[in-house]
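The structure appears right after this line, and notes come after that.
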Amino acid sequence: MVERSGPPPTLESCRPPSPDPAIEELASGLEVIWDLAPVPDGRLFLTERPGRIRVIEDGVLQVEPWFELDVEAREEAGLLGMTLSRDFDQTGHLFVVSTHLRPPPAGGAPVIGRVLRSLRARVAGDRGTAVINRVHRITDHEGRGTDPVLWIDGLPSGILHAGGALLTLPSGDLLVSLGDGMDPWRAQQPSSLRGSILRVPVGPQPPPSGRLHASEHLVALGVRNSQGMTFVGADSTEILFIDHGPVGRDELNRLERGANFGWPAEAGIVDEPRFTPPLVEWTPSIAPGGIASRVGGHFDESSEEASQESSGEIARVWVTGLGGQVLVEVRLARATGPGTEWRAICQDTILSGEYGRLRAIAPAPDGGLFVGTSNQDGRGIPREGGDRVLHLRWDSDL
């Protein structure tokens, strides 16, 4: 890994700081909430790592799962990211990423191979288990998930570093993130899918082969284990994603088509022209699990932000931390004028330790945030009442 001569640059605290939010618990008794997706009719969908899609409706968690998938749920694998289709209002389609044991080769596997595989699948933390990620499309019909369609199969994965973020593009296609699956140098191979962000074609039917290929679908490489992507505001076409670093060096990145984000040759902010640097590095690690954002307001010459830019636009980016047990807000600024880019100017800590490990996050319709905990994932201290969904509200516009 590329070395550097000193510590990374640090972001100053925002002035004025973000006000404290009011926090309401929407649901509890859940198990490893991985992703959250508000839908236009007011329901809130969520994924649980063991394979359940649940729904909160009118502030109440529905008892029966909306849909269940048989997944390989351990460590960083299982039922992962979720995104609504662009035409969800008309079709009821949503997409999920999930981890599964790799099927045996055509013609079957030798008995000894099946036995060893079965044993390995029961060993927690086994890094060698042959697993894959899949993308399924599921249809919302009369309040239940129906008609599951295997959209993409055979994405290389791992029990660790499985990736699994999903994002719907304005075109209707998807982006999906794949981790390096503990095989880091594959992330630097343009022919490999590991450690990358890929474009998933979406049309009336799945792609004919049901497979993605680096030559056609690779958007960016050099990614270690991204578990979250978002647009910079609802009307933007610019995309941000988070990435777990090795020991610290966690990243907030702006996605660029064809970019190489450096892993494992480098991580964090390093002066290395071959690679695209992050907007923000977190060292010590916060273990970023989820991301949401909103564009809000402008700054002028009398504001604190004017010390960084002359005039322009502000975006707020919220990132959840698993190991750090935090919710941080990063403020980005972009100067007025063509060709300007977002840059990070300050950050605040909104939550720190009160609710344990935080992963899932999504903007709420009222301008607040939905946040899900991940204390039952085997890495934190399980809390009474299981994992929960929180609703954060601010009294005034941020």
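We did not get these values from a lab; they are worked out from the coordinates using the rules stated. Since the structure is predicted, the reported quantities are computational estimates derived from the model, not experimental observations. Quick reminder, even Gly has a Cβ in these numbers, built from the backbone with ideal geometry, and neighbours come from all protein chains shown.
A few points about this structure:
- Kirkwood Rh, angstrom, the stretch 339-398 [1 / mean 1/r, Cα pairs]: 13.7 Å
- Cα gyration tensor shape for the stretch 1-86, rounded if a/c is under 1.5, else prolate or oblate: oblate
- Length gained on full extension, D58 to T283, computed as 0.36 nm times the residue gap minus the Cα-Cα distance: 77.0 nm.
- For the stretch 185-230 and the stretch 2-76, distance of Cα centres in Å: 24 Å
- This model, with +1 at the C-beta of Lys and Arg and -1 at the C-beta of Asp and Glu, gives the stretch 22-393 a dipole about its Cα centre of some 1520 debye.
- Residues whose placed amide H lies under 5 Å from that of D35, excluding near-sequence neighbours: T47
- Theoretical FRET efficiency, 1/(1+(r/R0)^6), r = Cβ-Cβ of Q90 and T336, R0 41 Å, to 0.05: 0.65
- The H on the amide N of L79, modeled in the peptide plane, is under 5 Å from the matching H of G51, T99, each at least 5 residues off or on a different chain.
- Computing FRET efficiency as 1/(1 + (r/R0)^6) for S28 and L101, where r is the C-beta to C-beta distance and R0 is 25 Å, gives about 0.20.
- Taking the C-alpha atoms only, the angle from helix 111-120 to the longest principal axis of the chain is near 30 degrees.
- Summing +1 for each Lys or Arg and -1 for each Asp or Glu among the other residues whose beta-carbon sits under 9 angstrom from that of H391 gives -2.
- Amide H partners (placed H, <5 Å) of G164, local residues excluded: S177, L178, G179
- Sparsely packed trypsin sites (Lys or Arg not before Pro) within the stretch 126-213, loop by DSSP, other Cβ within 10 Å at most 15: R127, R211
- Average silhouette area of the stretch 22-393, convex hull of alpha-carbon atoms, in square nanometres: 19.3 nm²
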